[in-house]
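Q: Okay, handing you the structure first.
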Amino acid sequence: MSVREAYSGHESFALRYGWLPKLYDAVADDAKLFADEDAAIARLGLGKNMVRALRFWGDAFGLLAPDGRAVHPTPLATAILDPVHGRDRYVEKTETLWQLHWALTTRGHLGAWNVVFDEIADPEISRRHLTNMVRQRAMRTRGEISPATLGTHVAVFLQCYAGSDQSEVVLEDTLGCPLQELRLCRLVEGVGDQIVRMPRGPKPGLTVAAFAHILLDHWRNRLGENRTVSLRALLHERFAPGKVLKLDEAALLDRLEAMCRAVPSFAVREDGVGGMHLVALREDALSHLQEAAA
């Protein structure tokens, strides 16, 4: 059964700094928090629409596991946000943002994300064209979408990711979205329309550990029992790391080679016809990759 793509539910709010630790603490303290909206508003100190948005983002990032009227933190949420066991309690590391971006894009089932990080190969696109592509995807996957819902959804996507070429200043904690730190998109003024720039190439903060986490998840969910995968597949197949992370061939190869130095049970090899493959040299290679991702 396919999952219905979402184009609303975020209540026009992008994720904000400080929201994810707040969400984790509240749900860990009271699994039925969201069963009573008034109680959730009081506990979280947010308005009604923000509370709904926070629940939406918790689900979209894969941080909440529903259980009837209750929700519980997922293993991913605990690994990152737990006060005792979490590795980045306040989401201060860029490598954590890469992991969250990967989870949101590959599991969030959000229309604009699917368009930008799976369909668009060009390094820039007009906002009008992007909006039209999102509308066309909605028509294919769920049917008619209102202009207001469409416009809000695209606006929230841009609020999440797109900084400005005119400013390097990150917005204050209460307003900005931490995903902007990944610099995956830049919004600039064009002739008669805004331009969304999505350059491919090296990405800041994409550490070996972050890349190992992403590659491990991709391998387990899309490659199955395969022991090899081509560089081309990692660049161009559906929701491949190269697409989701906006890497070009050189940047992807650099990350693969760095990972292979850290995880010697993998190697990058030529295939004899001018291509490159990532090869798992041992049957337990994925367990070694998991250790590198920890």
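Q: Tell me, what HN-Hα J-couplings in whole Hz come from the Karplus equation 6.51 cos²θ - 1.76 cosθ + 1.60 at θ = phi - 60° for each residue of the stretch 193-198, using x for Gly and Pro?
A: With coefficients 6.51, -1.76 and 1.60, one gets 6, 7, 10, 9, 9, 9 Hz.
Q: Take the Cα atoms of the stretch 4-137, build their convex hull, and give its volume per residue in Å³.
A: 118 Å³
Q: Please report the carbon-and-sulfur percent of the accessible area for the chain; probe 1.4 Å, protein heavy atoms only, DNA, RNA and ligands left out.
A: 50 percent
Q: Where does each of MET259, MET50, MET139 land when they are ordered by accessible area, with a 1.4 Å probe and the largest first?
A: MET139, MET50, MET259
Q: If you work out Kirkwood radius over Cα pairs in Å from the coordinates, which of (i) 21.0; (ii) 20.2; (iii) 24.0 do you get?
A: Correct label, based on the coordinates given: (ii).
Q: While we're looking at this one, here's another question. Nearest-5 percent of antiparallel DSSP beta bridges in the stretch 141-290?
A: If we restrict to bridges inside the stretch 141-290, about 80 percent are antiparallel.
Q: Output the relative contact order of the chain, whole-number percent, from Cα pairs under 8 angstrom with separation of 6+ residues.
A: Relative contact order for the chain comes out at 17 percent.
Q: When the helix-only estimate is applied to the chain (DSSP H runs of n ≥ 4, each -39,500 (n - 2.57), divided by the residue count), what is the mean residue ellipticity at 222 nm, nearest 500 deg cm²/dmol?
A: -13000 deg cm²/dmol
Q: Same structure again: Which value results for Rg/Rh of the stretch 173-294 when Rg is the Cα radius of gyration and Rh the Kirkwood radius based on the inverse mean 1/r?
A: Rg divided by Rh gives 1.04.
Q: Given the protein chains as shown and a 1.4 Å probe, how many square angstrom of LYS32 are accessible, to the nearest 10?
A: It works out to around 120 Å².
Q: Lys/Arg Cβ at +1, Asp/Glu Cβ at -1, dipole of the chain taken about the Cα centre: which of PHE56, LEU235, THR131 is farthest positive-ward?
A: Of the listed residues, the answer is THR131.
Q: Counting only heavy atoms of protein chains, what accessible area per residue, in Å², does the chain have with a probe of 1.4 Å?
A: Each residue of the chain exposes 48 Å² on average to a 1.4 Å probe.
Q: Separate question: Along its three principal axes, how long is the stretch 60-116 when you only count alpha carbons? Whole Å, largest extent first please.
A: The Cα atoms of the stretch 60-116 stretch 37, 34, 12 Å along their principal axes.
Q: Suppose accessible area is computed on protein heavy atoms with a 1.4 Å probe; arrange GLU5, GLU249 from highest to lowest.
A: Descending accessible area places them as GLU249, GLU5.
Q: Moving to a separate point now. State the Cα centre-to-centre distance between the stretch 1-60 and the stretch 74-140 in whole Å.
A: 17 Å
The values are calculated or read from the model by the stated rules, or taken from the named source; none is laboratory data. Computed from a prediction, not measured in an experiment: that's the story for all the values here. Ideal geometry is used to build each Cβ from the backbone, glycine not excepted, and the neighbour counts take in all protein chains shown. Side chains are part of the model used for accessible areas, which takes the heavy atoms of the whole protein and leaves out ligands, DNA and RNA. Shrake-Rupley method; radii C 1.70, N 1.55, O 1.52, S 1.80 Å.
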